[in-house]
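*Asks:* Got a structure here, written out as structure tokens. Questions coming.
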Amino acid sequence: MAQARFIFRWDDISPFHDRKKFRTLVDLFFKYDVPALLGVIPDNRDEEIRFAAQPETEFVEELRDLDKAGWEIAQHGYRHIKHTQSGGIWDINKASEFAERDYDDQITDLRGGRDILRSYGLDPVTFIPPWHSFDESTVKALVAVGFRSLSDGWFLYPRMAETLLQLPVFLWSAPRRMKMLRRLGAVYTVCLHPRLVSADDMEKLERFLREEKPMTTTPAKLLGESAELTRKSMKKYVLEHLFEAYYRRQG
């Protein structure tokens, strides 16, 4: 079976984020030569995740530097505003910036966010929905706007959502789960929120990177492998169902 590959995704990145924790993680990932998928909020209006009175002056230049270094810049919503209390397709959180909103409004926000990132000289191909919440209209809107991959969903193997390569996500909460995933192959996204990473989390994360030496990638680098990654088989079908039962039991 092919060796598993991991995507390390960081959410809630913006000019108002916790810069100290962000830089600590950046230094750690450079130490182990691991590129990250950065979920950037184009126009952060969420007061709960604005940790500075003024936007960071070097933020855009830093994103460009990380992009040149092989990291991927993804679009994490638009303004990170809770427009509805819908859990969307996966029904994980009762909050959403997109689910159950009018299709045209979703298109407008997706384009608005993308235009901001493009003004930075970046061209995101991956979308990350805030609160893991989106619906079928979101998927159709993402395709219409021109996105090529979607980072979200609680399942085992990558799949196609319309023409989007959809990559499953797991929270960084149990290193043993990461070791189990390595034995199953495929591609998995480990979701981190830099502002919530504790000293203990940092120690476990560094130990995982140092001792396990995971093979890492980003969604953009996988687009050429969509057909192979999403090819169905009986083995995948069985493992998918076994994993779903395991994951729900572990919590």
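*Asks:* Over the chain, what relative contact order in percent results from Cα pairs under 8 Å that are six or more residues apart?
*Replies:* Normalised by residue count, the contact order of the chain is 24 percent.
*Asks:* Give me the aspartates and glutamates in straight-line cross-link reach of K213: C-alpha distance below 12 Å, same-chain residues under 8 apart excluded.
*Replies:* Those aspartates and glutamates meeting the cut-off are D33.
*Asks:* Looking at the chain, I'd like the Rg to Rh ratio, where Rg is from alpha-carbon atoms and Rh is Kirkwood's inverse mean 1/r.
*Replies:* 0.94
*Asks:* With a cap of 11 neighbouring Cβ atoms within 10 Å, and only residues DSSP puts in a loop, list the GluC sites (Glu not before Pro) found in region 1-103.
*Replies:* E58
*Asks:* Can you work out the FRET efficiency for the pair V60 and D102, with r the C-beta to C-beta distance and R0 = 30 Å, to the nearest 0.05?
*Replies:* 0.45
*Asks:* Here's a follow-up. Need the full-extension length gain, K68 to I92, defined as separation in residues times 0.36 nm minus the C-alpha distance. One decimal, nm.
*Replies:* 5.2 nm
*Asks:* Under 20 Å Cα-Cα from K140, which lysines qualify once same-chain neighbours fewer than 8 residues away are excluded?
*Replies:* List returned: none.
*Asks:* Farthest toward the dipole's positive end in region 5-250, which of I128, L196, Y237, given Cβ charges of +1 (Lys, Arg) and -1 (Asp, Glu) about the Cα centre?
*Replies:* Sorting the options by dipole projection puts first Y237.
*Asks:* When the dipole is taken about the Cα centre of the chain, and only Lys, Arg (+1) and Asp, Glu (-1) are charged at their Cβ, what size is it in debye, to the nearest 20?
*Replies:* Here the chain has a charge dipole of around 1180 debye.
*Asks:* Right, here's the next one. Could you tell me whether region 1-47 comes out rounded, prolate or oblate from its Cα gyration tensor? Rule is a ≥ b ≥ c as square roots of the eigenvalues, rounded for a/c under 1.5, then prolate if a/b exceeds b/c, otherwise oblate.
*Replies:* oblate
*Asks:* Then there is this: Could you check the spin-label model distance between D43 and A199? Points 7 Å from the Cα along Cα→Cβ, value in nm.
*Replies:* 4.0 nm
*Asks:* Ok, one more. Normalised by the residues of region 1-114, what does the relative contact order come to in percent, with Cα pairs under 8 Å and at least six apart?
*Replies:* Normalised by residue count, the contact order of region 1-114 is 25 percent.
*Asks:* Add -39500 (n - 2.57) for each DSSP H run of 4 or more in the chain, then divide by its residues: what number comes out at 222 nm, to the nearest 500 deg cm²/dmol?
*Replies:* After summing the helix terms and dividing by residue count, I get -12000 deg cm²/dmol.
*Asks:* Hey, another quick one. Mind telling me which of A99, A141, A199 comes out most flexible in a GNM of the chain, alpha-carbon contacts under 10 Å?
*Replies:* Of A99, A141, A199, the most mobile in the Gaussian network model is A199.
Values in this text are rule-based calculations from the coordinates and carry no lab data. These numbers come from a predicted model, not from an experiment. Because the Cβ atoms are built from the backbone with ideal geometry, glycine has one as well, and the counts that use them run over all protein chains shown.
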